[in-house]
Amino acid sequence: MTAAERIIVPLDVPNLERAIAQLNQLPEVQFWKVGLELFISEGPPILELLKTREKRIFLDLKLHDIPNTMAGACRSAARYGVDLLTLHATAGRPALQAAQQALEQGAEDAHQPPAKAIAVTLLTSLNARELAFDLQVPIELPEYALKLALLAQESGLGGAVCSPQEAQQLRQICGPDFLLICPGIRPSWATAGDQQRVMTPKQALAAGASYLVIGRPITLADNPAAAFERICGEL
Ligand SMILES: O=c1ccn([C@@H]2O[C@H](COP(=O)(O)O)[C@@H](O)[C@H]2O)c(=O)[nH]1
């Protein structure tokens, strides 16, 4: 896989018109992430648009609910034929298992390839102090992220979203086939913004990330295509 194919760019925009403008600005990007902002605004037609342009799709809905509701949502999402779908590992083992089964069944019923379910461990916008004092989690952050990734793996999911700072440990313990999707990627020339557990693209790949989710350093650049090319060059 080329460096460019390992980069997923989020379509963090409010409507179809802005999404189309971003797709046109970045024709080299093959893998796009559709998150809550755009999906809530535009719904499934945005996925159809990406498919007509033969793009890969990461549907980042971060589902978090009881097992029955997670299964229903995953059965519905399976119809879209996306590549990746996120849910929160903190939904717990029964919900993750129900989600995985429903994705497989839903895909079979819809004659679509099954999406890989990817569990969010701990959002990259959070730091160790917030984990300990706001969320009241009494274990160290790297251990917490690892435990949630293992829970996802044991539940049959295909991978985890984690910070690149945890990627090396997760890669060692979860093995080579478990996908590690890493947001919190910041080239040395970009600002972190609300991301707190960051690494550069090159460091993240060296740590074992399977894919890098890189948004604002590319999409808010004066010339997004040049920023994307610069990052690919750095890899
Ligand atoms: O822990 C997480 C999970 C998801 N994200 C998403 O990734 C992108 C990152 O965008 P940047 O502009 O590069 O910060 C964004 O869509 C988030 O919703 C994350 O950042 N951290």
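Would you check which residues across region 113-139 are away from the ligand (no atom under 16 Å from the Cβ), at pLDDT 95 or above and surrounded by 15 or more Cβ atoms within 10 Å (Cβ to Cβ) and list them?
A115, A132
Sort out which residues of region 171-192 are out of contact with any helix residue (DSSP H, G or I) (no Cβ under 7 Å at 6 or more places or on another chain), within 13 Å of the ligand (Cβ to nearest atom) and open to solvent by 20 Å² or more (accessible area, probe 1.4 Å), and write them in order of number.
P183, T191, A192
Out of Q168, Q195, which single residue is under 30 Å from C74 (Cα atoms) and open to solvent by 50 Å² or more (accessible area, probe 1.4 Å)?
Checking each option against the conditions leaves just Q168.
Checking A98 against (1) over 19 Å from the mean Cα position of the chain (by Cα); (2) open to solvent by 30 Å² or more (accessible area, probe 1.4 Å), which test does it fail?
Here A98 meets the rest and fails (2).
Select from region 108-129 the residues that are touching a residue at least 40 places away in the same chain (Cβ under 8 Å), under 17 Å from E166 (Cα atoms) and not polar (S, T, N, Q) and list them in ascending order.
I118, A119, V120, L122, L126
Taking A4, is it among the small types (G, A, S) and either in contact (Cβ under 8 Å) with a residue 60 or more places away in the chain or open to solvent by 60 Å² or more (accessible area, probe 1.4 Å) (or both)?
So A4 fits the description; yes.
Where the second residue is more than 6 Å from the ligand (Cβ to nearest atom) and at pLDDT 95 or above and the first is of a type in the set (S, T, Y) and lies in region 213-228, which pairs have Cβ atoms under 9 Å and are six or more apart or on separate chains?
Filtered contacts from region 213-228: T219/V9; T219/L11; T219/V13; T219/Q22; T219/Q25; T219/L26; T219/A227.
The values are calculated or read from the model by the stated rules, or taken from the named source; none is laboratory data. None of these values were measured; they are calculated from a predicted model. Neighbour counts run over all protein chains shown; Cβ positions are idealised from the backbone, glycine included. Ligands, DNA and RNA are stripped out before the accessible areas are found, and what is left, the full protein with its side chains, is counted by its heavy atoms. Shrake-Rupley method; radii C 1.70, N 1.55, O 1.52, S 1.80 Å.
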